[in-house]
1. Determine which single condition ILE80 fails, assuming it passes every other condition in (1) open to solvent by 30 Å² or more (accessible area, probe 1.4 Å); (2) more than 30 Å from GLN155 (Cα to Cα); (3) within 22 Å of the chain's Cα centre (by Cα); (4) not hydroxyl-bearing (Ser, Thr, Tyr).
2. Scan segment 35-53 for residues that are touching a residue at least 40 places away in the same chain (Cβ under 8 Å) and either surrounded by fewer than 20 Cβ atoms within 10 Å (Cβ to Cβ) or of a type outside the set (A, V, I, L, M, F, W, C) (or both) and jot them down.
3. Determine whether segment 135-146 contains at least one residue that is at pLDDT below 95, closer than 30 Å to SER347 by Cβ and either buried (at least 17 other Cβ atoms within 10 Å of the Cβ) or in contact with a Pro (Cβ under 9 Å, 6 or more places away or on another chain) (or both).
4. For segment 91-124, which positions are touching an Asp or Glu at 6+ places or on another chain (Cβ under 6 Å) and crowded, with 19+ Cβ neighbours inside 10 Å?
5. Just to be sure before I move on: is ILE43 of a type in the set (Val, Ile, Thr) and in contact with a Phe, Trp or Tyr (Cβ under 9 Å, 6 or more places away or on another chain) in the structure I sent?
6. I'd like the full set of residues that are open to solvent by 20 Å² or more (accessible area, probe 1.4 Å) and touching a Lys or Arg at 6+ places or on another chain (Cβ under 7 Å), limited to segment 289-321.
7. Please work out if GLN24 is surrounded by fewer than 15 Cβ atoms within 10 Å (Cβ to Cβ), assigned to a helix (DSSP H, G or I) and modelled with pLDDT of 95 or more.
8. Quick test of your reading of the structure: ILE70 fulfils all but one of (1) modelled with pLDDT of 95 or more; (2) closer than 24 Å to SER331 by Cβ; (3) touching a Lys or Arg at 6+ places or on another chain (Cβ under 8 Å). Name the failing condition by number.
Amino acid sequence: MVSKLDDTKRQLIGERLADLLTFQKLILSNDQKLIDVCPYEDIRDRLQNMLEDDQKNLGIIETVIVQYGIQAEPSPATHIFVKNFEQMMEGDDFTFYQKLIHHELMKHGQAMSGINIHKAAQKVGADIEVAIGPLNTVNFEGRAHQEQLKGMLEQAGVREMTGMDADQGIWARVQDAVAALSGVAGSVITQNTDKQDMNIQTLIRLDHNKVNTIFTEIGATKDPQKLQEYFGQLYKDILVHAQAEEEVVYPAIRSFYGDENTQELYDEQAEWRPMLEEIRAMDPAANADLFRSKIKDLMTHLGDHIRQEESTMFAAIDKNCSDAQKEQMASQFKEVKRKIQQDMMASV
């Protein structure tokens, strides 16, 4: 029996992540539109800062989707909403204040969507929580942006009606929001810096952490349905990760990591493929213990490989590559993974 590689619950979370990405792109587009029509310099400056935050958050969401491993399409309802929202925000039917209200509502919806994805992940699998962990940064910052937008709305609304400033300055709200965010989303995942992307070691380590979590989930259950679900994700994650490393990372490090060391990494990954196919052909319902035993053998082989990468390979990359080179390698690695995942979806 060939294991089923797709699980309905995971597919639905993938669709919600695709919705999140689509709305983030809409938010970015609308940030710029509001900046272009904003009549108030202080609000325009804050919107510009928000646009820069949102651009970095777009990169985080893209990373989360690649780490999650399912390249899904947004829901039909999302396509309808985007089209209607863009039409509504065009032209002069709404004042700047009214457009800003709708932008704040969209920010609220985006933040709640991210939180709900986390809640769903808690019910479906710990490996999903690991994969979408960086989304915390986007969720918390989205909440901070909402508070900032409320301050902008107070000023814009009063100014449109009276031509005067509201009693509470706009920056009081901004400072409160920044204080609320401070310290909450300051992890290694956060991209609120001048970095264009996280470095390649961080991306690879995220993959390793997710795979180790799935192994833990498999070891904790004898439920055949759960075993099949977890292995389906493990199978895809390992193959995508290995192919991306072979296309991007290993060719880039061979010159300084050495032919013998690099070839060893290729050879180890070649050993996993028949092991994965053997397990995939098994029926966990027929013999869960044998299924888990084969998974344990796979875990042993992978563990040695992971330790080598996170010790000597990572050290060699740090010694021989600049921060910019490590970030560029990460972007290439992420893009190759995305393409492989899309091809996998198309072949199902």
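The values are calculated or read from the model by the stated rules, or taken from the named source; none is laboratory data. It should be emphasised that the depicted structure is a prediction, and the values quoted were computed from it without experimental measurement. No Cβ is skipped: glycine too gets one built from the backbone with ideal geometry, and neighbour counts run over all protein chains shown. To get the accessible areas, we keep the full protein, side chains included, count just its heavy atoms, and leave off ligands, DNA and RNA. Shrake-Rupley method; radii C 1.70, N 1.55, O 1.52, S 1.80 Å.
1. So the condition that ILE80 fails would be (3).
2. Keep residues of segment 35-53 that are touching a residue at least 40 places away in the same chain (Cβ under 8 Å), which gives 37-40, 42-43, 46-47, 50, 53.
Hits for segment 35-53 are VAL37, PRO39, TYR40, ASP42, ARG46, ASP53.
3. Initially, segment 135-146 is screened for residues at pLDDT below 95, giving 135-146.
This time we only want the ones that are closer than 30 Å to SER347 by Cβ, so: 135.
Filter once more, so that each one left must be either buried (at least 17 other Cβ atoms within 10 Å of the Cβ) or in contact with a Pro (Cβ under 9 Å, 6 or more places away or on another chain) (or both): 135.
Yes; the residues of segment 135-146 include at least one that is at pLDDT below 95, closer than 30 Å to SER347 by Cβ and either buried (at least 17 other Cβ atoms within 10 Å of the Cβ) or in contact with a Pro (Cβ under 9 Å, 6 or more places away or on another chain) (or both).
4. Hit for segment 91-124 is ALA121, nothing else.
5. On the way: of a type in the set (Val, Ile, Thr): yes; in contact with a Phe, Trp or Tyr (Cβ under 9 Å, 6 or more places away or on another chain): yes.
Yes; evaluated as a whole, the condition is true for this residue.
6. If the condition is that a residue be open to solvent by 20 Å² or more (accessible area, probe 1.4 Å) and touching a Lys or Arg at 6+ places or on another chain (Cβ under 7 Å), then GLU310 is the only one that fits.
7. Taking the combined requirement at face value, the residue does not satisfy it.
8. All conditions are met except number (1).
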